[in-house]
Amino acid sequence: MSYTDSVLVELRGLSKSYGTHDVLTDLDLTLPPGIHALLGPNGAGKTTLVNILSTLIPYDSGEVRVLGLDPRRDRTALQGRISLTGQYAAVDGRLSGMENMLMMGRLFGLSRRAARRRADVLLERFDLTAAAGKRAETYSGGMRRKLDIAASLIAEPQLIFLDEPTTGLDTRSRQALWDEITALAESGASILLTTQYLEEADVLAERIMVLHGGRIVADGTAAELKSRVGGSTIQLHDHAGHILDEIPTGGSAADVAHHLAAIADAHPDVEVTVRRPTLDEVFLELTGSPGEQDEADEDPTGGDRTGRKEVAA
Ligand SMILES: Nc1ncnc2c1ncn2[C@@H]1O[C@H](COP(=O)(O)OP(=O)(O)O)[C@@H](O)[C@H]1O
Ligand SMILES: [Mg+2]
(Lines give C-alpha, C1' and ligand atoms only; values in the text may rest on other atoms or scores of the structure.)
(Ligands and ions follow the chains in the order given, each with its own letter.)
Protein backbone atom coordinates (compact mmCIF):
# COMPACT_ATOMS: atom_id res chain seq x y z
CA MET A 1 0.00 0.00 0.00
CA SER A 2 1.30 3.46 -0.78
CA TYR A 3 0.63 6.37 1.49
CA THR A 4 -0.02 9.98 0.66
CA ASP A 5 -1.19 12.79 2.91
CA SER A 6 -4.61 12.35 1.37
CA VAL A 7 -5.00 9.02 3.20
CA LEU A 8 -5.60 8.96 6.92
CA VAL A 9 -6.36 5.30 7.54
CA GLU A 10 -6.13 2.38 5.17
CA LEU A 11 -7.27 -1.17 5.96
CA ARG A 12 -7.01 -4.21 3.70
CA GLY A 13 -8.46 -7.46 4.96
CA LEU A 14 -8.05 -6.56 8.62
CA SER A 15 -9.16 -9.37 10.94
CA LYS A 16 -9.05 -9.77 14.70
CA SER A 17 -10.34 -12.60 16.88
CA TYR A 18 -10.34 -13.41 20.55
CA GLY A 19 -10.06 -17.19 20.65
CA THR A 20 -12.87 -18.46 18.43
CA HIS A 21 -14.72 -15.16 18.59
CA ASP A 22 -14.19 -13.18 15.35
CA VAL A 23 -14.52 -9.56 16.40
CA LEU A 24 -13.41 -7.92 13.14
CA THR A 25 -13.67 -9.80 9.85
CA ASP A 26 -11.82 -8.86 6.68
CA LEU A 27 -12.29 -5.08 6.93
CA ASP A 28 -11.40 -2.90 3.94
CA LEU A 29 -11.46 0.85 4.41
CA THR A 30 -9.80 4.00 3.09
CA LEU A 31 -10.35 7.20 5.02
CA PRO A 32 -9.22 10.66 3.90
CA PRO A 33 -8.43 13.34 6.52
CA GLY A 34 -11.59 14.66 8.23
CA ILE A 35 -14.05 13.71 10.95
CA HIS A 36 -15.27 10.15 10.78
CA ALA A 37 -17.66 8.26 13.01
CA LEU A 38 -17.63 4.55 13.66
CA LEU A 39 -21.18 3.75 14.63
CA GLY A 40 -22.33 0.51 16.17
CA PRO A 41 -24.14 -1.05 19.09
CA ASN A 42 -22.41 -2.35 22.20
CA GLY A 43 -20.06 -5.21 21.35
CA ALA A 44 -19.80 -4.31 17.65
CA GLY A 45 -16.00 -4.08 17.82
CA LYS A 46 -15.57 -0.29 17.88
CA THR A 47 -13.10 -0.22 20.76
CA THR A 48 -11.20 -3.16 19.31
CA LEU A 49 -10.73 -1.33 16.00
CA VAL A 50 -9.75 1.94 17.63
CA ASN A 51 -7.30 0.16 19.90
CA ILE A 52 -5.70 -1.57 16.91
CA LEU A 53 -5.37 1.70 14.98
CA SER A 54 -3.89 3.48 18.00
CA THR A 55 -1.29 0.72 18.62
CA LEU A 56 -2.76 -0.54 21.91
CA ILE A 57 -3.53 -4.06 20.71
CA PRO A 58 -2.15 -6.10 17.79
CA TYR A 59 -4.23 -7.24 14.82
CA ASP A 60 -4.17 -10.82 13.54
CA SER A 61 -4.02 -10.42 9.78
CA GLY A 62 -4.41 -7.97 6.94
CA GLU A 63 -2.72 -4.67 6.27
CA VAL A 64 -3.16 -1.54 8.37
CA ARG A 65 -1.77 1.94 7.78
CA VAL A 66 -2.47 4.93 9.99
CA LEU A 67 -0.86 8.17 8.75
CA GLY A 68 1.14 5.87 6.50
CA LEU A 69 2.51 3.88 9.44
CA ASP A 70 1.86 0.31 10.51
CA PRO A 71 0.63 0.37 14.12
CA ARG A 72 2.36 -2.96 14.77
CA ARG A 73 5.75 -2.21 13.20
CA ASP A 74 5.99 1.58 13.57
CA ARG A 75 4.44 1.76 17.01
CA THR A 76 6.60 4.47 18.57
CA ALA A 77 6.61 6.76 15.54
CA LEU A 78 2.84 6.52 15.29
CA GLN A 79 2.26 7.11 19.01
CA GLY A 80 3.93 10.51 18.68
CA ARG A 81 1.40 11.62 16.06
CA ILE A 82 -1.93 10.41 17.44
CA SER A 83 -3.94 10.67 20.62
CA LEU A 84 -6.51 8.37 22.15
CA THR A 85 -9.19 9.18 24.64
CA GLY A 86 -10.66 5.93 25.82
CA GLN A 87 -14.17 4.94 26.65
CA TYR A 88 -13.28 5.22 30.35
CA ALA A 89 -11.71 8.49 31.46
CA ALA A 90 -8.04 8.11 32.32
CA VAL A 91 -7.44 11.19 34.44
CA ASP A 92 -5.77 10.82 37.85
CA GLY A 93 -8.33 12.00 40.40
CA ARG A 94 -5.73 12.82 43.03
CA LEU A 95 -4.00 15.32 40.75
CA SER A 96 -5.35 18.73 39.80
CA GLY A 97 -6.44 19.48 36.25
CA MET A 98 -3.18 21.31 35.58
CA GLU A 99 -1.09 18.51 37.12
CA ASN A 100 -2.83 15.97 34.89
CA MET A 101 -1.99 18.11 31.86
CA LEU A 102 1.68 18.48 32.85
CA MET A 103 2.01 14.78 33.56
CA MET A 104 0.74 14.00 30.07
CA GLY A 105 3.12 16.63 28.66
CA ARG A 106 6.07 14.85 30.30
CA LEU A 107 4.85 11.54 28.94
CA PHE A 108 5.02 13.02 25.44
CA GLY A 109 8.50 14.44 26.08
CA LEU A 110 7.54 18.12 26.13
CA SER A 111 9.68 20.50 28.19
CA ARG A 112 7.99 21.72 31.35
CA ARG A 113 7.66 25.19 29.86
CA ALA A 114 6.19 23.99 26.58
CA ALA A 115 3.78 21.71 28.44
CA ARG A 116 2.71 24.57 30.71
CA ARG A 117 2.08 26.90 27.78
CA ARG A 118 0.07 24.30 25.91
CA ALA A 119 -1.84 23.31 29.08
CA ASP A 120 -2.90 26.93 29.63
CA VAL A 121 -4.29 27.12 26.10
CA LEU A 122 -6.12 23.80 26.30
CA LEU A 123 -7.59 24.33 29.77
CA GLU A 124 -8.90 27.68 28.57
CA ARG A 125 -10.33 26.16 25.40
CA PHE A 126 -12.16 23.48 27.37
CA ASP A 127 -13.43 25.98 29.91
CA LEU A 128 -11.45 24.40 32.76
CA THR A 129 -9.19 27.33 33.72
CA ALA A 130 -11.15 28.12 36.89
CA ALA A 131 -10.97 24.48 37.99
CA ALA A 132 -7.34 23.92 36.93
CA GLY A 133 -6.03 23.96 40.51
CA LYS A 134 -8.68 21.60 41.90
CA ARG A 135 -8.29 17.85 42.18
CA ALA A 136 -9.86 16.06 39.23
CA GLU A 137 -11.88 13.84 41.61
CA THR A 138 -13.97 16.92 42.47
CA TYR A 139 -14.91 17.42 38.79
CA SER A 140 -18.26 16.50 37.25
CA GLY A 141 -18.36 13.68 34.68
CA GLY A 142 -18.41 16.19 31.84
CA MET A 143 -15.42 18.10 33.25
CA ARG A 144 -13.42 14.88 33.69
CA ARG A 145 -14.14 13.90 30.12
CA LYS A 146 -13.06 17.32 28.88
CA LEU A 147 -9.86 17.16 30.95
CA ASP A 148 -9.16 13.71 29.55
CA ILE A 149 -9.51 14.99 25.99
CA ALA A 150 -7.54 18.17 26.72
CA ALA A 151 -4.67 16.12 28.20
CA SER A 152 -4.61 13.83 25.18
CA LEU A 153 -4.15 16.88 22.93
CA ILE A 154 -1.06 18.22 24.67
CA ALA A 155 1.32 17.10 21.92
CA GLU A 156 -0.86 18.42 19.05
CA PRO A 157 -1.73 15.10 17.45
CA GLN A 158 -2.54 14.85 13.75
CA LEU A 159 -5.19 12.23 14.37
CA ILE A 160 -7.39 12.09 17.44
CA PHE A 161 -9.24 8.93 18.45
CA LEU A 162 -12.26 9.48 20.69
CA ASP A 163 -13.86 6.28 21.92
CA GLU A 164 -17.47 7.02 22.89
CA PRO A 165 -16.59 10.53 24.03
CA THR A 166 -20.06 11.44 25.28
CA THR A 167 -21.36 8.16 26.68
CA GLY A 168 -22.63 8.72 30.20
CA LEU A 169 -22.81 12.50 29.89
CA ASP A 170 -25.99 14.50 30.39
CA THR A 171 -27.48 16.35 27.41
CA ARG A 172 -25.85 19.66 28.27
CA SER A 173 -22.34 18.25 28.71
CA ARG A 174 -22.80 16.27 25.54
CA GLN A 175 -23.70 19.40 23.58
CA ALA A 176 -20.70 21.25 25.09
CA LEU A 177 -18.38 18.43 24.09
CA TRP A 178 -19.82 18.39 20.57
CA ASP A 179 -18.89 22.06 20.28
CA GLU A 180 -15.33 21.26 21.42
CA ILE A 181 -15.00 18.41 18.97
CA THR A 182 -16.21 20.61 16.12
CA ALA A 183 -13.68 23.28 17.14
CA LEU A 184 -10.93 20.66 17.24
CA ALA A 185 -11.71 19.64 13.71
CA GLU A 186 -11.60 23.26 12.61
CA SER A 187 -8.06 23.48 14.01
CA GLY A 188 -7.04 21.01 11.30
CA ALA A 189 -6.79 17.72 13.19
CA SER A 190 -8.51 14.62 11.90
CA ILE A 191 -10.84 12.76 14.23
CA LEU A 192 -12.09 9.21 14.37
CA LEU A 193 -14.79 8.87 16.97
CA THR A 194 -16.87 5.91 17.97
CA THR A 195 -20.43 6.24 19.10
CA GLN A 196 -23.65 4.36 19.74
CA TYR A 197 -25.60 7.54 19.07
CA LEU A 198 -26.88 8.13 15.59
CA GLU A 199 -27.53 11.75 16.31
CA GLU A 200 -23.92 12.21 17.40
CA ALA A 201 -22.56 10.65 14.23
CA ASP A 202 -24.95 12.77 12.18
CA VAL A 203 -24.01 16.03 13.93
CA LEU A 204 -20.24 15.56 14.03
CA ALA A 205 -19.05 13.35 11.24
CA GLU A 206 -18.61 13.94 7.54
CA ARG A 207 -18.60 10.22 7.02
CA ILE A 208 -20.21 7.42 9.01
CA MET A 209 -19.20 3.79 9.03
CA VAL A 210 -21.68 1.37 10.53
CA LEU A 211 -19.96 -1.57 12.21
CA HIS A 212 -22.07 -4.67 12.77
CA GLY A 213 -21.19 -8.32 13.21
CA GLY A 214 -17.49 -7.63 12.67
CA ARG A 215 -18.02 -5.94 9.31
CA ILE A 216 -18.62 -2.45 7.99
CA VAL A 217 -22.18 -2.81 6.74
CA ALA A 218 -22.56 0.76 5.52
CA ASP A 219 -20.25 3.65 4.83
CA GLY A 220 -21.04 7.15 3.62
CA THR A 221 -22.37 10.56 4.54
CA ALA A 222 -25.54 10.67 6.62
CA ALA A 223 -27.44 11.65 3.46
CA GLU A 224 -26.00 8.73 1.53
CA LEU A 225 -26.91 6.28 4.28
CA LYS A 226 -30.43 7.65 4.37
CA SER A 227 -30.84 7.31 0.62
CA ARG A 228 -29.84 3.63 0.86
CA VAL A 229 -32.92 2.91 2.89
CA GLY A 230 -35.29 4.19 0.27
CA GLY A 231 -37.26 7.21 -0.76
CA SER A 232 -39.00 9.85 1.27
CA THR A 233 -42.05 9.18 3.36
CA ILE A 234 -45.26 11.19 3.28
CA GLN A 235 -46.61 11.84 6.76
CA LEU A 236 -50.28 12.63 7.27
CA HIS A 237 -51.16 14.84 10.25
CA ASP A 238 -54.33 16.05 11.85
CA HIS A 239 -54.59 19.75 12.72
CA ALA A 240 -52.98 19.18 16.12
CA GLY A 241 -49.91 17.75 14.40
CA HIS A 242 -50.52 14.12 15.41
CA ILE A 243 -49.27 11.67 12.81
CA LEU A 244 -52.18 9.73 11.30
CA ASP A 245 -50.25 7.67 8.80
CA GLU A 246 -46.95 7.40 6.98
CA ILE A 247 -46.76 6.40 3.35
CA PRO A 248 -43.46 5.23 1.88
CA THR A 249 -42.65 6.52 -1.62
CA GLY A 250 -40.08 5.76 -4.28
CA GLY A 251 -38.63 9.22 -3.71
CA SER A 252 -38.96 10.66 -7.21
CA ALA A 253 -41.00 13.83 -7.76
CA ALA A 254 -43.44 11.91 -9.97
CA ASP A 255 -43.97 9.18 -7.40
CA VAL A 256 -44.42 11.62 -4.50
CA ALA A 257 -46.85 13.71 -6.60
CA HIS A 258 -48.82 10.58 -7.51
CA HIS A 259 -49.25 9.68 -3.82
CA LEU A 260 -50.12 13.26 -2.87
CA ALA A 261 -52.84 13.38 -5.53
CA ALA A 262 -54.38 10.19 -4.13
CA ILE A 263 -54.24 11.54 -0.59
CA ALA A 264 -55.79 14.86 -1.65
CA ASP A 265 -58.69 12.96 -3.24
CA ALA A 266 -59.37 10.78 -0.20
CA HIS A 267 -58.59 13.28 2.60
CA PRO A 268 -58.69 16.83 1.23
CA ASP A 269 -58.22 18.43 4.68
CA VAL A 270 -55.35 16.35 5.99
CA GLU A 271 -51.96 18.04 6.47
CA VAL A 272 -48.87 16.42 5.00
CA THR A 273 -45.09 16.49 5.41
CA VAL A 274 -42.60 14.82 3.10
CA ARG A 275 -39.57 13.61 5.04
CA ARG A 276 -36.36 11.70 4.45
CA PRO A 277 -35.77 8.50 6.46
CA THR A 278 -34.12 9.18 9.82
CA LEU A 279 -30.75 7.71 10.69
CA ASP A 280 -32.57 5.59 13.27
CA GLU A 281 -34.45 3.91 10.46
CA VAL A 282 -31.23 3.48 8.52
CA PHE A 283 -29.54 1.87 11.50
CA LEU A 284 -32.44 -0.45 12.13
CA GLU A 285 -32.51 -1.50 8.49
CA LEU A 286 -28.77 -2.15 8.37
CA THR A 287 -28.24 -3.90 11.67
CA GLY A 288 -31.65 -5.19 12.62
CA SER A 289 -31.14 -3.67 16.06
CA PRO A 290 -32.13 -0.32 17.53
CA GLY A 291 -29.32 2.21 17.49
CA GLU A 292 -29.77 3.33 21.07
CA GLN A 293 -30.53 1.46 24.21
CA ASP A 294 -31.95 4.27 26.30
CA GLU A 295 -34.92 5.54 24.36
CA ALA A 296 -37.67 3.12 25.28
CA ASP A 297 -40.04 6.00 25.93
CA GLU A 298 -39.14 7.74 22.69
CA ASP A 299 -42.36 7.21 20.78
CA PRO A 300 -45.39 8.53 22.65
CA THR A 301 -47.63 8.16 19.58
CA GLY A 302 -47.85 4.41 20.04
CA GLY A 303 -46.46 3.70 16.58
CA ASP A 304 -43.64 1.24 16.00
CA ARG A 305 -40.05 2.41 15.41
CA THR A 306 -40.78 3.86 12.00
CA GLY A 307 -43.62 5.87 13.52
CA ARG A 308 -46.14 4.00 11.39
CA LYS A 309 -49.67 3.75 12.56
CA GLU A 310 -52.72 2.72 10.64
CA VAL A 311 -54.81 5.70 9.70
CA ALA A 312 -58.28 5.76 11.15
CA ALA A 313 -60.15 5.69 7.86
N1 LIG B 1 -9.75 -8.69 25.57
C2 LIG B 1 -10.82 -9.34 25.11
N3 LIG B 1 -10.93 -10.69 25.24
C4 LIG B 1 -11.99 -11.34 24.75
N5 LIG B 1 -13.03 -10.76 24.12
C6 LIG B 1 -12.99 -9.42 23.97
C7 LIG B 1 -11.89 -8.65 24.45
N8 LIG B 1 -12.13 -7.34 24.13
C9 LIG B 1 -13.32 -7.32 23.50
N10 LIG B 1 -13.83 -8.56 23.40
C11 LIG B 1 -15.12 -8.90 22.74
O12 LIG B 1 -15.09 -8.39 21.43
C13 LIG B 1 -16.37 -7.85 21.06
C14 LIG B 1 -16.20 -6.42 20.66
O15 LIG B 1 -15.86 -5.64 21.79
P16 LIG B 1 -15.57 -4.09 21.69
O17 LIG B 1 -14.53 -3.84 20.65
O18 LIG B 1 -15.27 -3.61 23.06
O19 LIG B 1 -16.98 -3.54 21.17
P20 LIG B 1 -17.61 -2.06 21.29
O21 LIG B 1 -16.51 -1.11 21.65
O22 LIG B 1 -18.20 -1.81 19.93
O23 LIG B 1 -18.66 -2.15 22.34
C24 LIG B 1 -17.26 -8.06 22.26
O25 LIG B 1 -18.01 -9.22 22.05
C26 LIG B 1 -16.30 -8.24 23.42
O27 LIG B 1 -16.85 -9.05 24.40
MG1 LIG C 1 -16.29 0.24 23.19
Looking only at residues that are outside any strand (DSSP E or B) and surrounded by 16 or more Cβ atoms within 10 Å (Cβ to Cβ) in segment 15-42, which one is farthest from ligand 1 (Cβ to nearest atom)? PRO33
If we ask which residues in segment 163-219 are of a type in the set (Val, Ile, Thr) and assigned to a helix (DSSP H, G or I), their number turns out to be 4
Segment 130-162, subset assigned to a helix (DSSP H, G or I) and open to solvent by 50 Å² or more (accessible area, probe 1.4 Å), residue farthest from ligand 2 (Cβ to nearest atom): THR138
Of the residues in segment 58-68, how many are within 21 Å of GLN158 (Cβ to Cβ) and open to solvent by 30 Å² or more (accessible area, probe 1.4 Å)? 2
Quick check on segment 81-108: of everything there that is closer than 30 Å to ARG65 by Cβ and without any contact (Cβ under 8 Å) to a residue 12 or more places away in the chain, which residue is surrounded by the fewest Cβ atoms within 10 Å (Cβ to Cβ)? TYR88
What are the residues in segment 60-89 that are at pLDDT below 95 and within 16 Å of ligand 1 (Cβ to nearest atom), if any? LEU84, THR85, GLY86, GLN87, TYR88, ALA89
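The values are calculated or read from the model by the stated rules, or taken from the named source; none is laboratory data. Note that this is a predicted model, so its numbers are computed, not measured. With ideal geometry, Cβ positions are generated from the backbone for all residues, glycine too; neighbour counts draw on all protein chains shown. Only protein heavy atoms, including side chains, enter the accessible area calculation; ligands, DNA and RNA are left aside. Shrake-Rupley method; radii C 1.70, N 1.55, O 1.52, S 1.80 Å.
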